[in-house]
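These notes are about the structure you will find just below.
The values are calculated or read from the model by the stated rules, or taken from the named source; none is laboratory data. What you are looking at is a predicted structure, and each value in this text was computed from that prediction instead of being measured. Cβ placement follows ideal geometry from the backbone for every residue including glycine, while neighbour counts extend to all protein chains displayed.
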Number of protein chains: 2
Amino acid sequence: MLLHEIEELRKIRREWKGLKVGLVPTMGALHQGHLSLIKKAKESCDKVVVSVFVNPIQFGPSEDYNQYPRTLDKDYELCTQAGVDIVFAPSPEVMYGKGQRLSNDNLTYVCPPFFYVNKLCGKSRTGHFDGVCTVVLKLFNIVQPDFGFFGQKDAQQAVIIKKMVRDLNVPVEIVECPIVREESGLALSSRNKYLSDEGREDALVLSKILKNIKACYRKGITDIGVLKETAYGFLTDKHDLEYLEIFDKDTLEEKEKADDNSRVFIACRVEGVRLIDNICLGGE
Amino acid sequence: MLLHEIEELRKIRREWKGLKVGLVPTMGALHQGHLSLIKKAKESCDKVVVSVFVNPIQFGPSEDYNQYPRTLDKDYELCTQAGVDIVFAPSPEVMYGKGQRLSNDNLTYVCPPFFYVNKLCGKSRTGHFDGVCTVVLKLFNIVQPDFGFFGQKDAQQAVIIKKMVRDLNVPVEIVECPIVREESGLALSSRNKYLSDEGREDALVLSKILKNIKACYRKGITDIGVLKETAYGFLTDKHDLEYLEIFDKDTLEEKEKADDNSRVFIACRVEGVRLIDNICLGGE
């Protein structure tokens with residue numbers, strides 16, 4: 001079922017009293033990564049809601065809000081095939097009110113802690129995670145799921161959402177699912193659509209750098225500086241590296257030495273497209 | 001029943017499935033104002049929870065967090081007499097975690113819009129309403145009430161809470177209850193305990209100013225400047241006026257002329273004690 005209005009959803013949600021409900025929040029342009037979240041949700045829940053909403057307040061003024069791929073018909077078809085019960089695709093007006101200016105001058109925001117935000121993607125994307133937490137909390141309040149499903153691809157986002165849930169006592173259990181990759185190693189992303197064939201080749205550098213760092217770590221190298229330096233052999237003038245960091249996977253704290261709880265995070269532009277990827281040095 | 005732990009409360013809450021639950025959030029030191037909220041909650045709900053929590057993150061560093069009156073035994077007795085089902089009195093550690101520094105560097109905050117915050121009490125109490133919204137949302141998430149009861153005494157707070165509920169789609173209905181006054185006109189407040197007998201006399205100036213402005217408005221004066229000027233005849237060197245404003249009661253916007261939707265807000269220190277009061281120029 002495809003729903004656009006909050007009240008329609010709330011009405012059905014009330015009828016689901018006592019059932020286990022899972023929410024998979026997405027911005028649409030669904031790919032196998034999203035479908036792996038949906039599959040996980042189907043396995044553990046009685047009812048599954050997928051939200052499809054390109055959230056304006058998590059995009060900066062110079063970012064790709066307008067170009068972001070919107071493929072609702074296709075998304076709905078994929079969801080139906082996957083056994084999703086409700087696809088919730090509200091308009092910005094439904095989510096934020098008609099004629100509202102979308103700023104912290106006149107909207108209530110959920111603001112995750114500076115320590116978690118002032119690094120990695122949050123460093124270059126001011127306000128991004130405020131926008132993410134705000135919309136995720138709204139969706140949680142609208143759908144009232146028992147479980148929320150998030151991909152490891154956006155690892156900083158997953159850490160921040162889990163922190164929000166703890167800090168605000170949100171009665172939702174967060175389930176994280178592993179990154180889905182093409183055979184080439186490229187992490188699936190809706191933004192891969194922006195890449196040319198050549199760009200897709202150049203984009204492999206992200207997963208190659210991560211895989212190589214993990215291999216070096218497994219050989220016994222734990223010095224963070226040394227591990228990071230191994231990346232430079234992979235980079236060419238096609239790559240505009242934004243960050244390469246090794247932090248604690250749960251707290252995003254810097255480490256003296258890499259260990260099994262470390263995660264390597266990378267962001268790099270290829271053909272002007274901002275791509276991210278990450279890998280855990282231990283098992284996930 | 002007196003509970004201190006979140007899990008104990010959640011367990012009982014689950015047993016209340018299908019019942020209408022009301023939450024009266026308080027900082028304790030209960031007086032007739034709180035009891036009027038509890039009475040209202042009892043009338044409209046099957047189960048009533050009163051939270052008693054002096055919330056550290058809504059006090060500024062120079063404010064009265066440590067001196068704030070704590071009278072849990074008395075509060076619990078009053079609640080029991082009033083038929084409250086659960087008094088929830090968590091410690092700061094239960095609410096914010098052990099050893100957590102309480103700052104936006106490491107806690108997720110709910111931040112109401114600047115427009116609603118940068119005036120009245122919010123102007124002198126930086127971060128106050130962030131702290132209020134954060135703890136109220138936490139309590140809503142813990143108790144999961146159908147209704148939340150708030151006093152008109154803290155009128156700016158009530159506007160901001162209602163805005164938060166709308167903006168974040170919080171599934172709680174906010175019920176506002178009128179200010180309770182002593183026969184003298186003094187609005188009840190836990191902070192009245194700080195006043196000497198003489199101070200209580202001097203404190204009557206707040207309600208006198210408000211009553212007089214309403215009388216002037218009823219006589220046809222709608223000029224905001226003129227209405228505000230009527231206050232100065234009441235003030236002596238015992239009064240340290242912080243603000244006197246006339247705003248729209250729902251949006252906190254400035255008005256060209258006073259009307260029935262206007263509210264007069266006053267804050268004034270007497271004997272160093274910060275007192276607030278307000279009145280609606282129309283019916284409530």
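Would you please list the contacts, defined by Cβ atoms under 8 Å and residues six or more apart or on different chains, that run from a residue in region A:58-73 that is over 17 Å from A:LEU195 (Cα atoms) to a residue that is of a type in the set (Lys, Arg)?
A:GLY60/A:ARG125
I need a count of the residues in region B:106-157 that are in contact with a Phe, Trp or Tyr (Cβ under 6 Å, 6 or more places away or on another chain), at the interface with another protein chain (Cβ under 9 Å from one of its Cβ atoms) and part of a helix (DSSP H, G or I).
Qualifying residue count for the region: 2.
One line per residue, one yes/no per condition, for (1) assigned to a loop (DSSP other than H, G, I, E, B); (2) β-branched (Val, Ile, Thr); (3) under 15 Å from B:PRO92 (Cα atoms):
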| site | (1), (2), (3) |
| --- | --- |
| B:GLY28 | yes, no, yes |
| B:GLY33 | no, no, no |
| B:ILE38 | no, yes, no |
| B:GLU43 | no, no, no |
| B:VAL50 | no, yes, no |
| B:GLY60 | yes, no, no |
| B:ASP64 | yes, no, no |
| B:PRO69 | yes, no, no |
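Does A:GLY151 satisfy being out of contact with any Cys (no Cβ under 7 Å at 6 or more places or on another chain) and farther than 30 Å from B:ARG101 by Cβ?
no
For region B:166-175, indicate whether the set of residues that are among the charged types (D, E, K, R), within 15 Å of A:ASN169 (Cβ to Cβ), surrounded by fewer than 18 Cβ atoms within 10 Å (Cβ to Cβ) and without any contact (Cβ under 8 Å) to a residue 40 or more places away in the chain is non-empty.
No, region B:166-175 contains no residue that is among the charged types (D, E, K, R), within 15 Å of A:ASN169 (Cβ to Cβ), surrounded by fewer than 18 Cβ atoms within 10 Å (Cβ to Cβ) and without any contact (Cβ under 8 Å) to a residue 40 or more places away in the chain.
Here are B:LYS214, B:LYS193: which of them is surrounded by 14 or more Cβ atoms within 10 Å (Cβ to Cβ) and either on the phi < 0 side of the Ramachandran plot or in a helix (DSSP H, G or I) (or both)?
Every option except B:LYS214 fails the conditions.
In region B:85-94, is there at least one residue being in contact with a helix residue (DSSP H, G or I) (Cβ under 9 Å, 6 or more places away or on another chain), assigned to a helix (DSSP H, G or I) and away from chain A (no Cβ under 13 Å)?
For region B:85-94, residues in contact with a helix residue (DSSP H, G or I) (Cβ under 9 Å, 6 or more places away or on another chain), assigned to a helix (DSSP H, G or I) and away from chain A (no Cβ under 13 Å): present.
Could you please let me know if A:SER190 is free of Cβ contacts under 8 Å to residues at least 40 places away in the same chain and more than 14 Å from chain B (Cβ to nearest Cβ)?
no
Restricting to region A:217-267, name every residue that is surrounded by fewer than 18 Cβ atoms within 10 Å (Cβ to Cβ) and either assigned by TED's automatic domain parsing to the domain that holds A:LYS153 or of a type in the set (Val, Ile, Thr) (or both).
A:ILE221, A:THR222, A:VAL226, A:THR230, A:THR236, A:THR251
Any residue in region A:15-32 that is loosely packed, with under 14 Cβ neighbours inside 10 Å sitting within a Cβ distance under 6 Å of a residue that is of a type outside the set (S, T, N, Q) and part of a strand (DSSP E or B)? List the pairs, counting only those 6 or more apart or interchain.
Here the result reads A:LEU19/A:LYS47, each pair linking region A:15-32 to a residue that is of a type outside the set (S, T, N, Q) and part of a strand (DSSP E or B).
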